[in-house]
């Protein structure tokens with residue numbers, strides 16, 4: 001079945017997966033760097049008012065678009081039906097219908113957004129971005145290459161959008177009087193180019209194919225993922241609203257900064273999870289292989305994620321004092337607390353991929369409900385009673401609660417995996433790095449720490465963490481780096 005699904009021998013699966021991680025990592029770094037560069041350029045050119053207008057519109061639109069990520073693409077990758085072109089068309093039909101509904105929701109929200117912010121310009125701008133859910137649905141042919149683990153073709157297609165958007169947006173912003181509309185025109189052209197490219201090389205036609213049985217099958221797969229998306233949106237939007245109401249607009253800025261910086265902790269997880277998901281689907285029924293994939297992918301992602309989060313816990317005060325400025329001092333505890341919660345959440349982060357691969361995403365909905373309840377019952381009351389410190393302790397407690405749920409379901413599916421042991425293994429290198437940095441700090445104790453000392457401590461932390469990681473994970477690092485050697489996956 002692996003050969004039919006992937007069109008290459010099963011003996012190449014390990015090599016293809018490792019190669020895919022490199023491709024996906026390079027794509028993520030390149031596209032996010034291009035988007036960041038575009039953002040900086042147009043911010044300088046257009047000024048804060050135009051960026052503020054577009055920010056209101058895109059935040060609203062992308063919040064609604066986030067609800068579209070209900071896993072229809074993953075359900076398509078997971079299934080193994082006969083007649084794959086017809087199956088792709090069934091999945092695409094459901095995705096398109098759902099996207100049309102969300103596009104209507106965005107358009108319908110336009111008058112309310114304009115009224116809430118008291119700016120009539122927001123009406124036309126919001127209507128102008130209402131097409132986004134449909135545009136994303138029309139790029140569905142990338143699912144086919146994802147299922148086949150043809151990551152080069154998948155990522156090249158996805159790269160068309162940010163590249164064309166950059167090439168169109170920046171000149172329009174710099175050399176025309178379009179102003180904020182250049183930020184609308186660029187993505188419109190970029191998405192149109194992405195749709196044309198995807199459908200030009202797609203092996204299957206985009207065609208509407210309604211099927212009651214397929215609809216029921218995909219909806220059974222998707223509703224738990226929708227629960228997860230809603231829970232994440234409640235937390236992301238709820239914490240900003242709570243801080244705004246409790247302490248004003250500046251406090252909302254502090255929590256936004258903390259959430260924005262710490263969200264990069266899951267980048268390695270996203271790369272690995274996106275890479276191995278088709279492989280997990282291809283080796284169903286091989287328990288030893290699934291446990292190996294879970295343990296090794298978790299260890300690889302923790303090598304990045306846990307040191308990244310620990311760095312914020314240790315050095316957030318230095319980031320504020322030496323770079324951001326003293327006006328951001330209230331954000332320190334939020335940076336540290338959200339980093340601690342994020343570090344806990346990285347332990348076995350991609351467990352849901354293994355349940356989705358067997359067609360049972362419901363356990364993720366359970367974890368999402370626990371996460372949302374913990375946020376409402378612990379973090380928000382903590383904010384009201386003890387301020388920012390109470391909020392972050394509530395978030396940490398919520399992360400621990402979700403880990404309890406996660407461990408239960410991981411043990412049920414993969415009985416040979418123990419999350420506690422896995423987590424301790426991931427924490428060992430950063431514990432050594434933190435001890436080295438703080439030993440140096442104690443040796444030079446006295447007065448304010450100058451910049452050179454803070455930089456030296458960061459270097460010691462990174463060096464010691466890397467050294468211990470190499471000692472503990474050397475075989476895994478060497479295995480992941482041997483991209484050109486075909487190695488069989490365990491049966």
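No lab work stands behind these numbers, since they all come straight from the coordinates. Remember, it's a predicted structure, so these values are computed and weren't measured experimentally. Glycine also receives a Cβ, built like all others from the backbone with ideal geometry; neighbour counts cover every protein chain displayed.
Between residue 117 and residue 247, the C-beta separation translates, for a Förster distance of 30 Å, into a calculated FRET efficiency of about 0.90. Diffusion coefficient of the chain by Stokes-Einstein, Kirkwood radius over Cα pairs, 4 °C, 1.567 mPa s: 53 µm²/s.
What is the gain in length, in nm to one decimal, between residue 67 and residue 444 on full extension, counting 0.36 nm per residue of separation less the C-alpha to C-alpha distance? Can you show the working numbers first?
Numbers: separation 377, 0.36 × 377 = 135.72 nm, distance 5.13 nm.
So the extension gain works out to 130.6 nm.
Quick one: grab the alpha carbon gyration tensor of the stretch 229-491, order the square roots of its eigenvalues as a ≥ b ≥ c, and give me rounded if a/c is under 1.5, else prolate or oblate depending on whether a/b is larger than b/c. Here the stretch 229-491 falls in the oblate category. Sorting 369, 195 by the number of Cβ atoms found within 10 Å of their own Cβ, with the fewest placed first, yields 369, 195.
How many percent of Cα pairs in the stretch 324-447 exceed 21 Å? Intermediate results must be reported in sequence, preceding the final value.
Numbers: 4082 of 7626 pairs.
Counting every Cα pair in the stretch 324-447, those more than 21 Å apart make up 54 percent.
Rounded, prolate or oblate: which fits the stretch 74-179 when a ≥ b ≥ c are the square roots of the eigenvalues of the alpha-carbon gyration tensor, with rounded for a/c under 1.5 and prolate only if a/b beats b/c? Here the stretch 74-179 falls in the oblate category. Put the Cα centre of the stretch 465-479 next to the Cα centre of the stretch 121-174 and the gap is 38 Å. Highest average first, the peptides 223-233, 433-443, 70-80 ordered by how many other beta carbon atoms sit within 10 Å of their residues are 70-80, 223-233, 433-443.
For the chain, adding -39500 (n - 2.57) for each run of n ≥ 4 DSSP H residues and dividing by the number of residues yields -27000 deg cm²/dmol at 222 nm. A compact globular protein would have a Cα radius of gyration near 2.2 N^0.38 Å; the ratio found for the stretch 26-102 is 1.57. For residue 459 and residue 41, what does the FRET efficiency come to when R0 = 25 Å and r is the distance between their Cβ atoms, rounded to the nearest 0.05? The value I calculate is 0.20.
If the segment from residue 431 to residue 34 were pulled out straight at 0.36 nm per residue, it would be longer than the present Cα-Cα gap by 139.5 nm.
Taking the fewest neighbouring Cβ atoms within 10 Å as the starting point, the ordered list for 155, 395, 286 is 286, 155, 395.
Sorting the Cα pairs of the stretch 1-210 by distance into bins of 10 Å, from 0 upward, gives 8, 29, 33, 20, 8, 2, 0 percent per bin. In units of the compact-protein estimate 2.2 N^0.38 Å, the stretch 69-133 shows a Cα radius of gyration of 1.56.
Between residue 49 and residue 210, the FRET efficiency estimated from the beta carbon spacing at R0 = 41 angstrom works out to 0.35.
Counting 0.36 nm for each residue step from residue 174 to residue 451 and taking away their Cα separation leaves a gain of 96.0 nm.
Per the Cα gyration tensor, the stretch 217-287 maps to an equivalent ellipsoid with semi-axes of 35, 17, 6 Å, ordered largest to smallest.
Among rounded, prolate and oblate, which fits the stretch 127-181 when a ≥ b ≥ c are the square roots of the eigenvalues of its C-alpha gyration tensor, a/c under 1.5 means rounded, and a/b larger than b/c means prolate? Working shown, then result.
Details: a/c = 6.56, a/b = 1.90, b/c = 3.45.
In terms of gyration-tensor shape, oblate.
Which value results when the Cα radius of gyration for the stretch 247-323 is divided by 2.2 N^0.38 Å?
Compared with the compact-globule rule of thumb, the stretch 247-323 sits at 1.54.
What order do you get for 372-385, 270-283, 464-477, 287-300 when each peptide is scored by the mean count of other beta carbon atoms within 10 Å, highest first?
Working: 372-385: 17.4, 270-283: 22.6, 464-477: 15.7, 287-300: 20.0.
Per-residue Cβ counts within 10 Å, averaged per peptide and sorted highest first, yield 270-283, 287-300, 372-385, 464-477.
Highest mean packing first, where packing is the average number of other Cβ atoms within 10 Å per residue, the peptides 451-462, 28-39 line up as 451-462, 28-39.
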